[in-house]
Each structure stands twice: as C-alpha cells, then as structure tokens.
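K.L.:
Here it is, the structure, as structure tokens.
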Amino acid sequence: MGVVTLARVYDDDPGRGAPRYLVERLWPRGVRRNALRLTAWLPDVAPSTGLRRWFGHDPARWEDFRQRYAAELDARPEAWRPLADALAAGDVVLLYSARDTEHNNAVALRDHLLASAGAGERPPRS
C-alpha cells in the first residue's frame, strides 16, 4: 500500500510522479483548470453540500464532521473506490483548497481510506 500525501492546490507541487486527485466538490477559486496537473477531479467523493456548509471549517465541529462524512463515504463506496485502488497500487496525492490544513475533508478522507485499507492503527501521513 502506498502513502497518501495531502496538498493544498495553492501550494507547491508535491508528490511528483504520484497520481493527483482533486477531492473538492467545487473547483478551487482562482485556479485555472489547466494549472493543476491532475489524474482526476472527484467531486462525488467530497462531502455533500449540506454537510460542507454545516461544517464551515469550524474546528469545534471537526469530530462530528468526521463522523458524518465517514457515514456519507460508507454510503457511497463507488465514489472513493478509485482512490482506494490507486492507493493499493502506490502513492497518491489528495488535493484540497481549504486554508486549515488540519480540519478539512481531505484529512478525513485520507483517514477513511487508510482505515478501509486495514491501516487504521497506523498514524496518518501528510
């Protein structure tokens, strides 16, 4: 199993050579579509619009957000299966646009992918 790297779309280009997946429902503001070197944009793997708006990147809601988002992911395994398959084959990069690097959907998604792959006891990597 590979390593999951998290990266903001606005920062330097990490994970050279690894498949890169944008895991946002909305395209990031101010980023030209041809500026991101993507393997795929997976808007369906992102939290629902209602959950995203409810969370509002409020760290006080983080644990509840993680649980609700995990429930959404469990209900739609076809949305995140391409990421699990890519991770089984090697390293992957999850791209996100949030300013908060610790409380965002990519962090929760990474943890879900690692737990689903049987690596829930291993500390998450970023």
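Since every read-out is calculated from the coordinates, none of them should be taken as a lab result. Everything numeric here is computed off the predicted structure, so don't read it as measured data. Backbone-built Cβ (ideal geometry, glycine too); neighbour counts: all protein chains shown.
K.L.:
If I model a spin label at M1 and T49 as a point 7 Å from the Cα along the Cα→Cβ vector, what separation in nanometres do I get?
P.N.:
Spacing of the two 7 Å Cα→Cβ label points: 3.4 nm.
K.L.:
Could you check the simple spin-label distance between D58 and V31, using points 7 Å along Cα→Cβ, in nm with one decimal?
P.N.:
Calculated label separation equals 2.6 nm.
K.L.:
Can I ask one more? Given the peptides 50-59, 82-91, 99-108, arrange them by the average over their residues of other C-beta atoms within 10 Å, most packed first. Don't skip to the answer; put the middle values down first.
P.N.:
Numbers: 50-59: 13.3, 82-91: 16.0, 99-108: 18.1.
So the order, starting with the most tightly packed, is 99-108, 82-91, 50-59.
K.L.:
Round to a whole angstrom and tell me the spacing of the C-alpha centers of region 51-115 and region 1-42.
P.N.:
Cα centroid of region 51-115 versus Cα centroid of region 1-42: 14 Å apart.
K.L.:
If I take every Cα pair under 8 Å that is 6 or more residues apart in the chain, average their sequence separation and divide by the length, what percent do I get for the relative contact order? Each step should come with its number before you reach the end.
P.N.:
Working: 171 pairs, mean separation 52.1, N = 126.
Normalised by residue count, the contact order of the chain is 41 percent.
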